[in-house]
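Please read the structure below before turning to the comments.
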Amino acid sequence: MSTLKTINVIHPSGTTNNIVTDSSGNVAVGNNLTVTGTATIGGTSVVAVAPGTSGNVLTSNGTAWTSAAAAASGFSNMQVFTSTGTFTVPAGITKVKVTVVGGGGGGGGGNWSSGAGGGGTAIKTISGLTPGGTVAVTVGAAGTAPYDANGGTGGTSSFGAYCSATGGAGSNRTTFFPGLGGIGSSGDLNIRGSAGQVGNATDVASGCGGNSFLGGGGGVTGVNATGVGGAYGGGGSGAVNIQGCVGAAGVVIVEY
């Protein structure tokens, strides 16, 4: 059994460094001991690492210890697409969460009409992306609202081939049926938009537009400017003796 020896080293500043060694001179325990080079303890090399920036953590890259910023928790950035475009994956990002909402349908126009459907929604977490890579983003247009005719269906929104959401259907001027809501596809969560409200023939009243996941269906009105879809993907209301109300365009939200 080796014999431990204690060596007291007094620094010029007056600080005492206590070094405990065995009979061979190997350091066993150190108190107030600063390692500036490489020490070998039990056959394992220990290298002094600069602390780096305040708040850093000590991590391993598989071969050495490094001082690095703590990994971000959750998503801290968001990019909103209100029109068709391209998402470029930011540096250091490989995972995103996307919310894709289709366009709202348009309300039919004429004597009275039911409301149009709200756009569908797909929500998906996507991993394995390459920083600097690109993903095509399509934002569905709002459904049109012609006079004395059926309302138009809202456009489909998508995030590349990962997921998509169809737009709400326009209301039928001939049958007075409301438009059905769109639906998400290939998302971790696929949500159908609300159908439009049935118009009232007796009271000659229009029907409200259906909500998307974000709400915003157009309210009951005979005035085109105030019955349009509100939030992204909201369906337009029907009309009373006037042109129907357009839906609201869709949206694609990317969080990372």
**Report entry** Ala122 assigned by TED's automatic domain parsing to the domain that holds Gly167, in a loop (DSSP other than H, G, I, E, B) and crowded, with 20+ Cβ neighbours inside 10 Å
**Finding:** no
Requested in this report: Name every residue in segment 100-133 that is closer than 16 Å to Ala248 by Cα and touching a strand residue (DSSP E or B) at 6+ places or on another chain (Cβ under 6 Å), in order of residue number.
Outcome: Val100, Val101, Gly102, Gly118, Gly119, Gly120, Thr121
Query raised in the report: Which members of segment 87-115 meet the condition of being within 30 Å of Thr175 (Cβ to Cβ), assigned to a loop (DSSP other than H, G, I, E, B) and modelled with pLDDT of 95 or more?
Result: Gly102, Gly103, Gly104, Gly105
Query raised in the report: Condition test on Leu58, is it outside the structural domain of Gly233 (by TED's automatic domain parsing), over 19 Å from Ile191 (Cα atoms) and aliphatic (A, V, I, L, M)?
Result: yes
Query raised in the report: When segment 173-187 is examined, which residues are found to be among the aliphatic types (A, V, I, L, M) and part of a loop (DSSP other than H, G, I, E, B)?
Result: Leu180
Query raised in the report: Within segment 178-209, how many residues are acidic (Asp, Glu) and at pLDDT 95 or above?
Result: 1
Report summary line: Scanning segment 217-256 residue by residue, the ones that are crowded, with 24+ Cβ neighbours inside 10 Å, in a loop (DSSP other than H, G, I, E, B) and either at pLDDT 90 or above or within 31 Å of the chain's Cα centre (by Cα) (or both) total 17
Query raised in the report: Consider Thr144 against the criteria (1) more than 9 Å from Gly120 (Cβ to Cβ); (2) in contact with a Cys (Cβ under 9 Å, 6 or more places away or on another chain); (3) of a type in the set (S, T, N, Q): it satisfies all of them except one. Which criterion is unmet?
Result: (2)
Query raised in the report: Is it the case that some residue within segment 155-174 is surrounded by 19 or more Cβ atoms within 10 Å (Cβ to Cβ) and in contact with an Asp or Glu (Cβ under 8 Å, 6 or more places away or on another chain)?
Result: yes
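The values are calculated or read from the model by the stated rules, or taken from the named source; none is laboratory data. Quantities reported herein were computed from a predicted structural model and do not represent experimental measurements. Heads up, the Cβs are rebuilt from the backbone with ideal geometry, glycines too, and the neighbour counts pull from every protein chain shown.
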